[in-house]
Amino acid sequence: MKGIGGSNRDGQFAKQEKSLVVLEDVCAFKELAGKAVVGVSVSLDVLVSLRRMLANARIYFSSIHYIGELSVMINFNDHKVACEFACNHDLWKEWFGQLDVWQVQSLPYDRIAWLKVFGVPINLAEEEVFRRIGQEFGKVLHVAGLGSEDEDLSVNRIGVLVGEGKSISDEINLLWQDKCFIVWNFEDMDD
């Protein structure tokens with residue numbers, strides 16, 4: 001039995017759940033309704049380069065806001081320009097998997113988690129091994145390449161798209177030939 005603070009039938013305290021009721025008339029960024037678009041970029045590279053790509057395509061916007069996962073909000077000066085951009089699928093199809101005019105709608109929330117990976121033996125420190133490690137936590141967006149020019153080969157970074165809110169701190173057994181290596185994965189909360 002879950003409660004809000006009392007004890008369960010066994011006399012032990014139930015885990016407390018936290019809830020917050022938000023008033024129904026709360027509506028952030030409503031001044032942008034109809035004058036902005038929200039989109040999910042097709043890749044991390046597109047997300048990082050979006051401002052430059054829009055400028056090269058001579059798309060005039062007032063601002064871009066990162067809103068989580070691979071999603072952005074692009075603000076325009078008026079409703080007509082926002083709608084024209086959203087309707088021009090041929091223009092943005094290489095950049096976005098989905099694009100909608102902002103009408104103050106709820107959006108799903110995923111996030112990009114940057115993992116620090118420790119414990120991969122040097123002879124197995126290949127991109128495909130790190131990619132498979134990252135896939136245990138979510139959709140892999142980026143694997144930092146380790147090379148002979150790097151001074152620190154004891155750690156690598158992987159960017160993954162995850163849908164849960166808890167930070168990642170986990171171990172994976174990496175099996176190779178007749179050996180088992182423990183690999184530690186910690187989310188870097190500084191990024």
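Where does the chain land at 222 nm, in deg cm²/dmol rounded to the nearest 500, when only DSSP H runs of n ≥ 4 count, each adding -39500 (n - 2.57), divided by all residues?
-5000 deg cm²/dmol
Tell me, what does the Kirkwood hydrodynamic radius of segment 15-77 come to in angstroms if you use every pair of distinct C-alpha atoms?
13.9
In Å, what Kirkwood hydrodynamic radius results for segment 39-191 from the alpha-carbon pair distances?
When all Cα pairs of segment 39-191 are included, the Kirkwood radius is 17.6 Å.
Sorting 122, 74, 172 by accessible area (1.4 Å probe), largest first, what list results?
Sorted descending by solvent-accessible area, the residues read 122, 172, 74.
Provide the descending list of Cα extents for segment 44-105 along its principal axes, expressed in whole angstroms.
28, 26, 20
Enumerate by residue number the chymotrypsin sites (Phe, Trp or Tyr not before Pro) in segment 98-157 meeting two conditions: DSSP loop (anything except H, G, I, E, B), and at most 16 other Cβ atoms within 10 Å of the site's Cβ.
Listed in order of number, the matching sites are 109.
Where the accessible area of the chain is counted over protein heavy atoms with a 1.4 Å probe, how much of it, in %, is carbon and sulfur?
51
My understanding is that a pair violates if its Cα-Cα distance is over 24 Å; which of 18/166; 80/139; 30/166 do that in this structure?
80/139; 30/166
Over segment 121-177, calculate the relative contact order: mean separation of alpha carbon pairs under 8 Å at least 6 apart, over the residue count, as a percent.
Answer for segment 121-177 is 34 percent.
Pairs of alpha-carbon atoms within less than 8 angstrom and 6+ residues apart define the contacts here; what relative contact order does the chain have, in percent?
19
Helix by helix, which DSSP H runs in the chain go 15 Å or more along their axis at the Cα atoms and have an average Kyte-Doolittle hydropathy of -1.0 or more?
Membrane-span-like by this criterion, though nothing is claimed about a membrane: 44-56.
Can you tell me the length gained on complete extension of the stretch residue 80 to residue 124, counting 0.36 nm per residue apart and subtracting the Cα distance?
10.5 nm
Can you give me the solvent accessible area of residue 127 with a 1.4 Å probe, rounded to the nearest 10 Å²?
Rounded to the nearest 10, the figure is 100 Å².
Taking 0.36 nm per residue of sequence separation and subtracting the Cα-Cα distance, how much length would be gained by fully extending the chain between residue 171 and residue 56, in nm to one decimal?
37.0 nm
Looking at segment 17-110, which trypsin sites (Lys or Arg not before Pro) are in a loop (DSSP not H, G, I, E or B) and have at most 12 other Cβ atoms within 10 Å?
Counting only loop positions with at most 12 other Cβ atoms within 10 Å, the trypsin sites (Lys or Arg not before Pro) in segment 17-110 are 18, 58, 93.
Counting only heavy atoms of the protein chains, get the accessible area per residue of segment 16-59 (1.4 Å probe) and round it to a whole Å² value.
74
The values are calculated or read from the model by the stated rules, or taken from the named source; none is laboratory data. Just so it is clear, the model here is predicted, and its values are computed rather than measured. Every residue, glycine among them, receives a Cβ derived from its backbone with ideal geometry; neighbour counts consider all protein chains shown. To get the accessible areas, we keep the full protein, side chains included, count just its heavy atoms, and leave off ligands, DNA and RNA. Shrake-Rupley method; radii C 1.70, N 1.55, O 1.52, S 1.80 Å.
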